[in-house]
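Structure, as structure tokens:
Each value in this text was obtained by applying a stated rule to the coordinates, not by laboratory testing. On a predicted model such as this, the values are computed, not experimentally measured, just so you know. When we count neighbours, we look across all protein chains shown, and the Cβ atoms used for this are built from the backbone with ideal geometry, even at glycine.
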Amino acid sequence: MKKYRLLATTGLAGCLAFGAAACSSSSSSSASAPASSAAPAASSSSSAATTTDFGPGCASVPSSGAGSFTGMATAPVATAASANPLLSTLVTAVTKAGLVDTLNSASAITVFAPDNAAFAKISPATLTGLLANKAELTKVLTYHVASGRYTPAQLATGDPIKTLEGTTVTPAKAADGSYTVNGASVVCGNVQTANATVYIIGTVMMPSAKS
């Protein structure tokens, strides 16, 4: 795996707390809006939940309790993910990167959350190395987070979304109604937590894949 440049944890916390725009050279005046000038303004409130969750992976979400859609809607995103059986490897990665509190305290974000099957596509040796390298892991994880709560309709436009890592991801909606992000299938989308909209995806996206 290619080595990624170091990302300061302090700077990351600032990005998550105040939005990606606050950590770029842009003069954007809205901290809760996505930094990409090409992307439509994303909702920063619960109004993002204008469409129900969707996708084949949603069937694996518990019907009740903390890991259910209702339960996750009341918890901040890292806490909500810890109750979702699809996301246990992601939770391990977030914990090792020291991002639990940072994600939980962030305001109005979108998370493209790789499921366990996504991490299983990475070779064991590569995954072990990634989990052991905090700076590299932080860079990969922040590539999956954007400022603002994006709705499915906004993803369907195909406009690039700037991530907190600094580069962009590209969503798309296919003719059959399915969604992808950088070609990674959305297996369960529009999942609401107290502070984030979550799209569970089937592949771990690497920053080097998009510039």
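A few points about this structure:
- Peptides 52-60, 192-200 ordered by average Cβ neighbours within 10 Å, highest first: 192-200, 52-60
- Vicinal HN-Hα couplings computed from phi for region 69-78 (Karplus, 6.51 cos²θ - 1.76 cosθ + 1.60; Hz; Gly/Pro x): 4, 5, x, 5, 5, 9, 10, x, 4, 5
- Over all directions, the projected convex hull of the C-alpha atoms in region 107-152 averages 4.0 nm² in area.
- Karplus 3J(HN,Hα) series, Hz, for region 162-172 with 6.51 cos²θ - 1.76 cosθ + 1.60 (x for Gly, Pro): 7, 9, 6, 6, x, 9, 10, 10, 10, x, 7
- Length released on extending from Asp176 to Ala117, taking residue separation times 0.36 nm less the Cα-Cα span: 19.0 nm
- Inter-site label distance for Ser64 and Thr157 at 7 Å from Cα along Cβ, in nm: 4.1 nm
- Cβ-Cβ FRET estimate between Lys134 and Asp101, R0 fixed at 22 Å, reported to 0.05: 0.90
- For region 112-137, the residues whose backbone nitrogen is under 16 Å from a point 7 Å from the Cα of Ser88, taken along Cα to Cβ, are 115-121.
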